[in-house]
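Scroll down for the structure; my scribbles are underneath it.
The values are calculated or read from the model by the stated rules, or taken from the named source; none is laboratory data. If you're wondering where the values come from, they're calculated on a predicted model, not measured in any experiment. Reconstructed Cβ throughout: ideal geometry from the backbone, glycine too, with neighbour counts over all protein chains shown.
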């Protein structure tokens, strides 16, 4: 994808700036969700067409790899790349920020229960 802006933050937002990309990455990285239907079952209720679009975009941006599931040849497995794993500290800080400044979030006594640590 060709970028018009040289600012690293603007470029990162060009890839990750929509709600669904970060939710999909959260689920793949922390939730260990690897299949389309697992990702579709997230509590945020992403639609099938948006999920398919985000998975495609995240693959094009080298954030996810996709391969055929050896146990079910009609199914695909999505795995995070090193580039996606490099976002872990960013996602953890977003989680902490969201928990600190929002009253209507699901709080957990143990951050490991949120799947982030």
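Residues are listed down the side, and each one gets a yes or a no for (1) outside any loop (DSSP other than H, G, I, E, B); (2) out of contact with any strand residue (DSSP E or B) (no Cβ under 7 Å at 6 or more places or on another chain); (3) modelled with pLDDT of 95 or more; (4) surrounded by 14 or more Cβ atoms within 10 Å (Cβ to Cβ):
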| site | (1), (2), (3), (4) |
| --- | --- |
| 73 | yes, yes, no, no |
| 77 | yes, no, yes, yes |
| 83 | yes, yes, yes, no |
| 94 | yes, yes, no, yes |
| 97 | yes, yes, no, no |
| 105 | no, yes, no, no |
| 109 | no, yes, no, no |
| 112 | yes, yes, no, no |
| 116 | no, yes, no, yes |
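Within the stretch 42-58, identify whether any single residue is out of contact with any helix residue (DSSP H, G or I) (no Cβ under 8 Å at 6 or more places or on another chain), surrounded by 14 or more Cβ atoms within 10 Å (Cβ to Cβ) and either under 28 Å from residue 105 (Cβ atoms) or touching a residue at least 12 places away in the same chain (Cβ under 8 Å) (or both), and answer yes or no.
Restricting attention to the stretch 42-58, the residues satisfying the condition of being out of contact with any helix residue (DSSP H, G or I) (no Cβ under 8 Å at 6 or more places or on another chain) are 43, 45, 47, 49, 53, 56.
From what's left, surrounded by 14 or more Cβ atoms within 10 Å (Cβ to Cβ): 53.
Then keep just the ones that are either under 28 Å from residue 105 (Cβ atoms) or touching a residue at least 12 places away in the same chain (Cβ under 8 Å) (or both); that gives 53.
Yes, because at least one residue in the stretch 42-58 is out of contact with any helix residue (DSSP H, G or I) (no Cβ under 8 Å at 6 or more places or on another chain), surrounded by 14 or more Cβ atoms within 10 Å (Cβ to Cβ) and either under 28 Å from residue 105 (Cβ atoms) or touching a residue at least 12 places away in the same chain (Cβ under 8 Å) (or both).
Take the stretch 59-68 and flag every residue that is surrounded by fewer than 18 Cβ atoms within 10 Å (Cβ to Cβ) and either part of a loop (DSSP other than H, G, I, E, B) or out of contact with any helix residue (DSSP H, G or I) (no Cβ under 9 Å at 6 or more places or on another chain) (or both). Working first, answer last.
From the stretch 59-68, those surrounded by fewer than 18 Cβ atoms within 10 Å (Cβ to Cβ) are 59-62, 65-68; that's our starting set.
Within the stretch 59-68, 59, 60, 61, 62, 67, 68 meet the criteria.
Only helices (runs of 4 or more DSSP H) wholly contained in the stretch 1-56 count here; list those with 1 or more residues that are within 19 Å of residue 87 (Cα to Cα) and modelled with pLDDT of 95 or more.
Numbers: elements: 8-16, 19-29, 36-40.
So the answer is 19-29, 36-40.
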